[in-house]
1. Suppose the chain between Ser45 and Ala108 were pulled fully straight at 0.36 nm per residue; how much longer would it get relative to their current alpha carbon spacing?
2. Of all the Cα-Cα pairs you can form in segment 37-108, what percent are over 17 Å apart?
3. For Lys88, which lysines qualify as cross-link partners when the Cα separation must be under 22 Å and same-chain residues fewer than eight apart are set aside?
4. As an exercise, use a Förster radius of 25 Å and the Cβ-Cβ distance of Glu35 and Thr98 to find the FRET efficiency, rounded to the nearest 0.05.
5. Identify the chymotrypsin sites (Phe, Trp or Tyr not before Pro) of segment 25-65 meeting these criteria: DSSP loop state and at most 15 other C-beta atoms within 10 Å of the C-beta.
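No lab work stands behind these numbers, since they all come straight from the coordinates. The model shown is predicted, which means the values in this text are computed figures rather than measured ones. Note that we place each Cβ from the backbone using ideal geometry, even for glycine, and neighbour counts take in every protein chain shown.
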Amino acid sequence: MLSHSSTCLILLVAAGVCLALPAGDDAQAETLKLESENNGVDKYSFAYETSNGISRTEEGVVKPGATEDEGSLSVTGTTSWSAPDGKKYEISFTADETGYHPKFRLVA
């Protein structure tokens, strides 16, 4: 059975993939920035920006517990994009042993 942290991570990855799927003219967008770091043990981070105004950053860190089975993953991130109406939106979030906590806002 998946732990709560694993379930949150799976949901975050699924949401990121859905936001990243190109539609129409967005399929021609180019990657302007791509950074990725993963030590393979207890932390990772990535960031990207595309020519159509989409950007995303995410950082995950494993918080150790009393035993190996008691550790948890803490993730923070932000995704922003421009909607067809020209407005820019942003979702920032934290996800940890207490759950997924998104904040949605209109940027401009």
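1. 20.0 nm is the gain from fully extending Ser45 to Ala108.
2. Tail of the P(r) past 17 Å holds 53 percent of the pairs.
3. Result set, ordered by chain and number: Lys33, Lys103.
4. Computed FRET efficiency for Glu35 and Thr98: 0.35.
5. Loop-located and lightly packed - none at all.
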